[in-house]
Amino acid sequence: MLMVAAELEVLSENVSAMKKGDGKLIKTENGGCEQITKEVLCDGDGNFRRKEDFSAQDVTDDHMYVQLVKNVQHHQAVLKAFTLLQETMDKSIFILLFVNMADLCSCVFATAILLQRGGNVAKALQPLITIPPCLYETVMYCFFGNIVTDKSEDLVNSAYSCGWADCETRFRRGLVFFVTQAMRPLEIKVGKMCKLSKQMLLQVLNGSYMLLNLMYSTS
């Protein structure tokens, strides 16, 4: 999940960096174009190079479109990785979260029963030792899933902040297709219906509380 979130952040930065420069253009030995915004140096072979390296190097319409194609391909690779992640986590994480919910409930229930019967306090508090690992594991998956969703939603803002207004129609049309796909956030769903998010964490805790009340009322 962290790998997918990192790839989405890199993609978002690359998309927002697609902007045309205002300076004059020079031709490099590989057929590309570079913008004269800083001191330009010339080596012994007559190839012009800038003194400082910039992230936005493709400044012509063709190079802007090529950069868009690369970002689209990157996005497609991220979607393939996300699909594999979704297939892997669908059933396993659902079972894990359900077991953690039942474990949280049973630990609190056992402690409450032992204290109610006047047992040893140290022995009664022993079941609570397993609560922090279960809670940490549940929080980790829910928060990481929420990070993936947030990073995927940032793609739309990054696409709007790029230099699309100064580009040709071909670039704008391609950017529309990219934004259309990016408008669907990447949500990791477990059990075919529940998505990993902060709301899911609240649902797990609420389910543990409801199950605890049910067990306590029938005991």
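The values are calculated or read from the model by the stated rules, or taken from the named source; none is laboratory data. Treat the numbers as computed from the prediction; the structure is a model and nothing was measured. All Cβ positions, even for glycine, are placed from backbone atoms using ideal geometry, and neighbour counts span all protein chains on display. The area values use the complete protein model at the heavy-atom level, side chains included, leaving out ligands, DNA and RNA. Shrake-Rupley method; radii C 1.70, N 1.55, O 1.52, S 1.80 Å.
For the structure I just gave you, tell me whether Cys162 is within 25 Å of Leu11 (Cβ to Cβ), open to solvent by less than 60 Å² (accessible area, probe 1.4 Å), modelled with pLDDT under 85 and in contact with a helix residue (DSSP H, G or I) (Cβ under 9 Å, 6 or more places away or on another chain). When the stated conditions are applied, Cys162 does not pass them. Scanning region 64-91 for residues that are within 20 Å of the chain's Cα centre (by Cα) and hydroxyl-bearing (Ser, Thr, Tyr) turns up Thr83, Thr88.
Here Phe144 fulfils each of the conditions (1) of a type in the set (Phe, Trp, Tyr); (2) out of contact with any helix residue (DSSP H, G or I) (no Cβ under 6 Å at 6 or more places or on another chain); (3) over 23 Å from Pro185 (Cα atoms) apart from (3).
Quick check on region 132-141. Is at least one of its residues open to solvent by 90 Å² or more (accessible area, probe 1.4 Å), part of a helix (DSSP H, G or I) and not charged (D, E, K, R)? Yes: region 132-141 contains one or more residues that are open to solvent by 90 Å² or more (accessible area, probe 1.4 Å), part of a helix (DSSP H, G or I) and not charged (D, E, K, R).
Quick test for you: out of Met64, Met89, Met18, pick the one residue that is part of a loop (DSSP other than H, G, I, E, B), modelled with pLDDT of 85 or more and buried (at least 18 other Cβ atoms within 10 Å of the Cβ). Only one candidate passes the filter, namely Met18. As a summary of the residue check, Gly118 satisfies the conditions (1) in a helix (DSSP H, G or I); (2) surrounded by fewer than 15 Cβ atoms within 10 Å (Cβ to Cβ); (3) small (Gly, Ala, Ser) except for the one numbered (1).
Contact annotation: residue pairs with Cβ atoms under 6 Å, 6 or more positions apart or on different chains, pairing a residue in region 1-20 that is farther than 25 Å from Ile93 by Cβ and charged (D, E, K, R) with a partner that is at pLDDT below 90 and not in a helix (DSSP H, G or I), are Lys19/Ala56; Lys19/Gly163; Lys20/Val59; Lys20/Gly163. Considered as a group, the residues in region 165-193 that are of a type in the set (D, E, K, R) and not in a loop (DSSP other than H, G, I, E, B) include one that is most open to solvent (accessible area, probe 1.4 Å), and that residue is Arg173. Restricting attention to region 92-110, the residues that are open to solvent by less than 50 Å² (accessible area, probe 1.4 Å), in contact (Cβ under 8 Å) with a residue 40 or more places away in the chain and not polar (S, T, N, Q) total 8. Candidates Leu214, Leu202, Leu196: the one that is under 15 Å from Cys142 (Cβ atoms) and open to solvent by 70 Å² or more (accessible area, probe 1.4 Å) is Leu202.
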